[in-house]
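Throughout, read-outs are computed from the coordinates displayed, never taken from laboratory work. Computed from a predicted structure; not experimentally measured. Reconstructed Cβ throughout: ideal geometry from the backbone, glycine too, with neighbour counts over all protein chains shown.
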Amino acid sequence: LFDTAVRKLPKVKGIIWRAVAGNVTSGYATNKTVTWWTVSFCSTSADVVKAFLKPDQEATLFMIEAVAGRNLAGYTMYPDE
């Protein structure tokens, strides 16, 4: 049911951004394809993503080439995310 609803949302293709707390770079290789199977909130703006981080927090910023993303802006309390 969830997948059916998600497929009706507008598609997103292109560069999107996601940040996660901590340094997780050892789990990812540069220029390798990674499939994220869970819903992950991202933004088309790196600045929006960075605004969620604490000033002295170590974090990993992902630049993602989305090929099958969906726009969830109408269903989040952070519509710019």
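Brief remarks follow.
- Placing unit charges on each Cβ (+1 for Lys and Arg, -1 for Asp and Glu) gives the chain a dipole about its Cα centre, and among 42, 52, 23 the Cα reaching farthest toward its positive end belongs to 42.
- Full extension of the chain between residue 12 and residue 40 yields a length gain of 8.8 nm, computed as 0.36 nm times the residue separation minus the alpha carbon distance.
- Shown for the chain: lysine pairs separated by 8 or more places, or found on different chains, whose C-alpha atoms are under 28 Å apart, numbering 5.
- Note on residue 21/residue 78: beta-carbon distance plugged into 1/(1 + (r/R0)^6) with R0 of 25 Å gives a FRET efficiency of 0.90.
- Surface/4 estimate of mean projected area, convex hull on alpha-carbon atoms of the stretch 2-75, nm²: 5.6 nm²
- Net charge dipole size for the stretch 2-75 [Lys, Arg +1 and Asp, Glu -1 on Cβ; Debye, nearest 20]: 340 debye
- Förster radius 22 Å - calculated FRET efficiency between residue 3 and residue 60, Cβ distance, rounded to 0.05: 0.20
- Computed per residue of the chain from DSSP H runs no shorter than four, each worth -39500 (n - 2.57), the mean residue ellipticity at 222 nm is -3000 deg cm²/dmol.
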